[in-house]
Amino acid sequence: MGDHFLLNLYGCDVEKLNNEKFLVEMFEQAVVEGKMTLLNLITHKFEPQGITAVALLSESHISIHTWPEQGSCAVDVYTCGTTARPRLACDYIIKELESSDPRVTHVKRL
């Protein structure tokens, strides 16, 4: 059924976590890095801070929920099939958010 990566990222750049435009561009590039196909991307910015974004993929999805006040976020990268490279997308997201304490869990869906 696929690969599901759960990222709990701590020590992230606070400004990036609350920048909707940045997160959209990051998702678009993460899709390219992971050799995936983007179908749709939706975001919601909360007040006073925080963003949720979901990228619908041919291969499944990528999502993020941010807590800028804590410098943290939760990311899901789930893909099925054999052509996507979800770990490359995860590595890109970790690097772009400048997480000093990334915690990654991989679940093989069968």
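The values are calculated or read from the model by the stated rules, or taken from the named source; none is laboratory data. Just so we're clear, the structure is a prediction, and the values are computed from it rather than from any experiment. Note: ideal-geometry Cβ built from the backbone for every residue, glycine included; neighbour counts use all protein chains shown. Side chains included, ligands, DNA and RNA excluded: accessible areas come from the protein's heavy atoms. Shrake-Rupley method; radii C 1.70, N 1.55, O 1.52, S 1.80 Å.
Number of residues in the range 68-110 that are open to solvent by less than 10 Å² (accessible area, probe 1.4 Å), in contact with a Ser or Thr (Cβ under 8 Å, 6 or more places away or on another chain), among the hydrophobic types (A, V, I, L, M, F, W, C) and under 22 Å from Met1 (Cα atoms): the value is 1. Just so you know, in the range 1-37 the residues that are assigned to a loop (DSSP other than H, G, I, E, B) and open to solvent by 70 Å² or more (accessible area, probe 1.4 Å) include one that is modelled with the lowest pLDDT, and it is Met1.
Scanning the range 47-56 turns up at least one residue that is surrounded by 15 or more Cβ atoms within 10 Å (Cβ to Cβ) and touching a Lys or Arg at 6+ places or on another chain (Cβ under 8 Å). Of the candidates Val104, Val54, the single residue that is among the hydrophobic types (A, V, I, L, M, F, W, C) and touching a Cys at 6+ places or on another chain (Cβ under 9 Å) is Val104.
From Ile42, Ile64, grab the single residue that is assigned to a strand (DSSP E or B), closer than 11 Å to Asn8 by Cα and of a type in the set (A, V, I, L, M). Before you say what the answer is, go through the steps one by one.
Details: Ile42 fails: closer than 11 Å to Asn8 by Cα.
Going through Ile42, Ile64 in turn, just one is assigned to a strand (DSSP E or B), closer than 11 Å to Asn8 by Cα and of a type in the set (A, V, I, L, M): Ile64.
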